[in-house]
Each structure stands twice: as structure tokens, then as C-alpha cells.
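Contents: one structure, followed by commentary.
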Amino acid sequence: MALLQSLDNIALNSIEGMNYQPYFDIPQNDKCFYDIIIRKAFIDSGKNDSYGDIGILYQEILKEGIIEFIPKVEKIGDLSSFYGHKEIQAKGQPVLNAENKHLEVDSENVIVIVNNDKISLLLK
């Protein structure tokens with residue numbers, strides 16, 4: 001019905017595009033998902049060691065006409081109000097990259113190491 005009403009309005013009325021401002025008043029949905037969340041990871045900040053979560057999003061990269069999904073660390077901290085499409089429990093262990101270094105925001109990581117287990121973050 002909405003589609004038919006829209007077509008009717010377009011056909012019968014002059015559309016000048018003047019009443020667009022209310023569109024910008026619509027509140028945006030808050031982001032509440034990450035592609036992957038690694039929960040309760042040991043975080044080595046260099047100052048105060050703590051425990052937190054690591055939020056990872058896939059970046060779409062076009063290589064030679066093929067889309068690749070590259071996992072990239074988006075946020076490190078308290079993500080308890082967020083959900084992960086996939087969640088990994090670190091159980092207080094450090095989460096390291098393939099070079100045995102702690103993860104950092106904006107880093108791309110295909111593999112993470114948790115408790116000496118290598119975990120692939122690539123989509124299957």
C-alpha cells in the first residue's frame with residue numbers, strides 16, 4: 001500500500017523537495033554489534049594492566065575484482081553492552097597477533113593467539 005500511495009503522490013503532485021528537514025531529525029540506530037568480540041582479554045596497556053574486550057570488524061577490501069574481508073581491531077575496552085556475531089572467550093589470557101605482540105586498535109589480524117591456541121579470524 002505504501003508503494004502504491006507513493007506512486008500516486010509522485011504522479012499527481014508536484015514534488016519540489018522542500019520538506020526534507022524532518023528526515024534529518026530521525027535518530028540513528030546505535031551500533032551494538034561487532035563481527036567478533038574477544039571477551040575478558042588481558043590488556044597490556046604499558047601502564048596499568050587490566051582486562052577488557054576486543055571488538056573486531058571486517059573491512060571489505062577489493063583485490064583484483066574479488067572482495068576480501070580483513071579483520072581489523074576497532075575497539076579495545078569495556079564492550080559489555082555490545083554483542084558479537086562470533087565471541088571468543090579469552091578467560092583473562094593475553095590475546096596476541098601472529099608476531100606474539102598484543103593487539104592494538106586499527107591493526108589487521110588474520111590470526112590471534114589465545115592461551116597458545118592459534119585462532120583464525122577469517123570468514124569461512
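Things to note:
- Among the conditions (1) assigned to a strand (DSSP E or B); (2) out of contact with any Ser or Thr (no Cβ under 9 Å at 6 or more places or on another chain), the only one that ILE10 does not satisfy is (1).
- Residue within region 65-79 that is among the basic types (Lys, Arg), loosely packed, with under 12 Cβ neighbours inside 10 Å, without any contact (Cβ under 8 Å) to a residue 40 or more places away in the chain and in contact with a strand residue (DSSP E or B) (Cβ under 7 Å, 6 or more places away or on another chain) present: no
- Filter result (under 18 Å from LEU122 (Cβ atoms) and not in a strand (DSSP E or B)) within region 82-97: ASN97
- PRO27 vs. criteria part of a loop (DSSP other than H, G, I, E, B), over 27 Å from PRO94 (Cα atoms) and either at pLDDT 80 or above or not small (Gly, Ala, Ser) (or both): yes
- Residues being in a strand (DSSP E or B), surrounded by 12 or more Cβ atoms within 10 Å (Cβ to Cβ) and touching a strand residue (DSSP E or B) at 6+ places or on another chain (Cβ under 6 Å) are entirely absent from region 98-106.
- Filtered residues of region 11-46 (kept if surrounded by 10 or more Cβ atoms within 10 Å (Cβ to Cβ) and either touching a Phe, Trp or Tyr at 6+ places or on another chain (Cβ under 6 Å) or not charged (D, E, K, R) (or both)): PHE33, TYR34, ASP35, ILE36, ILE37, ILE38, LYS40, ALA41, PHE42, ILE43, SER45
- Within region 3-59, if we keep just the residues that are among the aromatic types (Phe, Trp, Tyr) and touching a Pro at 6+ places or on another chain (Cβ under 7 Å), the residue that is farthest from SER120 (Cα to Cα) turns out to be PHE42.
The values are calculated or read from the model by the stated rules, or taken from the named source; none is laboratory data. Nothing here was measured: the structure is a model prediction, and the numbers come from that model. As a convention, Cβ positions derive from the backbone with ideal geometry for all residues, glycine included, and neighbour counts pool all protein chains shown.
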